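Below is one structure, written out as C-alpha cells; comments come after it.
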Amino acid sequence: MGLGQWICGGAGHYQVIELKVRMIQVVETLFNPKGMAIFWTFAEGFILIFLRGLFLNLKEQKKQNGFIVISCVLFILLTWVIMYGQKFIPLPTSNYGYQIMFWNFFCTLWVVLEGTSVFYAFQIYKHIKKINPAVWTAYILPLLVVGAFGFFIFYQSYAIFVCQKYHLYKDEFYNMQLFYVRICGVFWITFEWLAVVIWLRLFSLLKEDQSHAR
C-alpha cells in the first residue's frame with residue numbers, strides 16, 4: 001500500500017469513526033430523559049390533535065387551526081424548558097431533586113394528554129353511535145387538567161416540606177418521587193386500556209354499519 005493510499009484510507013477510517021460518534025450522540029440525545037420527554041410529549045400531542053380534529057370534523061364544527069398554533073407554541077416552550085429551564089427556573093431543591101421533579105412534571109403532562117385523547121376518542125364513539133352527550137361531560141377536561149397538575153404541585157411541595165422538616169436524605173426523597181411516578185403510571189395504563197376498549201367498540205360498530213349498508 002502506497003503512502004497516498006494509506007493516508008486516504010486513514011482519513012476514511014477517521015470519517016467513519018466520526019460518523020459513528022455523531023450517531024451515538026444522536027441516539028443518546030433521543031433516549032436520554034430530555035430526549036424521551038420531548039419525544040413522548042410530541043407523540044401524545046400529535047395523537048390528541050388528530051383525534052380532536054377528527055371529532056370536530058364529524059361534528060362539522062370549526063377547524064382547530066388556533067388550537068394547533070397554541071399547541072406548537074407550548075411544545076416549543078416545553079422544549080426550551082427541557083433544554084435550558086434548570087438555569088432560569090429556581091427551585092428549593094438540589095440539581096438531583098430538580099431532575100426528578102422535572103421528570104414527574106412530564107409524567108403528569110403525559111397522563112393529561114393521554115386522558116384528553118381518550119376523552120375525544122369516546123366522543124367520536126358516542127357521535128357515531130348517536131348518543132347525546134351528557135351535560136357533565138363538559139367538565140371532564142377542566143377537572144382532569146386542574147386535578148392532575150394541582151395534585152402534582154401539592155405532592156411536590158409536600159415532599160420538599162417533609163424533606164426539609166425531617167432532614168431526610170436523597171434515598172427517602174427518591175422513594176417519594178418514585179411513588180408519584182407509579183401513581184401516574186396507574187392512570188396512564190388505565191387510560192391506555194380505556195382507549196383499547198373504545199377503539200375495539202368503535203371498530204365493531206363500524207363493522208356493523210358496513211354490514212347493514214350491504
(request) Of all residues in region 44-84, count the ones that are over 19 Å from Ser117 (Cα atoms) and surrounded by 15 or more Cβ atoms within 10 Å (Cβ to Cβ). (result) 4
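Look at Thr41 and say whether it is surrounded by 12 or more Cβ atoms within 10 Å (Cβ to Cβ), modelled with pLDDT of 75 or more and either more than 23 Å from Tyr120 (Cα to Cα) or outside the structural domain of Lys126 (by TED's automatic domain parsing) (or both). Spell out the reasoning first.
Numbers: surrounded by 12 or more Cβ atoms within 10 Å (Cβ to Cβ): yes; modelled with pLDDT of 75 or more: yes; either more than 23 Å from Tyr120 (Cα to Cα) or outside the structural domain of Lys126 (by TED's automatic domain parsing) (or both): no.
No: the conditions fail for Thr41.
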(request) Output the number of residues of region 110-140 satisfying the condition of being in contact with a helix residue (DSSP H, G or I) (Cβ under 9 Å, 6 or more places away or on another chain) and of a type in the set (Gly, Ala, Ser). (result) 3
(request) From Phe179, Phe152, Phe187, Phe161, grab the single residue that is in a helix (DSSP H, G or I), more than 28 Å from Ser71 (Cβ to Cβ) and at pLDDT 90 or above. (result) Phe179
(message) On the basis of being in a helix (DSSP H, G or I), surrounded by 10 or more Cβ atoms within 10 Å (Cβ to Cβ) and of a type in the set (A, V, I, L, M), does Leu168 make the cut?
(response) no
(message) Looking at (1) hydrophobic (A, V, I, L, M, F, W, C); (2) over 18 Å from Ile49 (Cα atoms); (3) within 20 Å of the chain's Cα centre (by Cα), which one does Val112 not meet, given that it meets all the others?
(response) (2)
(message) For region 88-106, check the following and say yes or no: at least one residue is at pLDDT 90 or above and either among the acidic types (Asp, Glu) or not in a helix (DSSP H, G or I) (or both).
(response) no
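The values are calculated or read from the model by the stated rules, or taken from the named source; none is laboratory data. Predicted model, so just to flag it, every value in this text is computed and none were measured. A quick note on method: Cβ atoms are made from the backbone with ideal geometry, for glycine too, and the neighbour counts reach across all protein chains shown.
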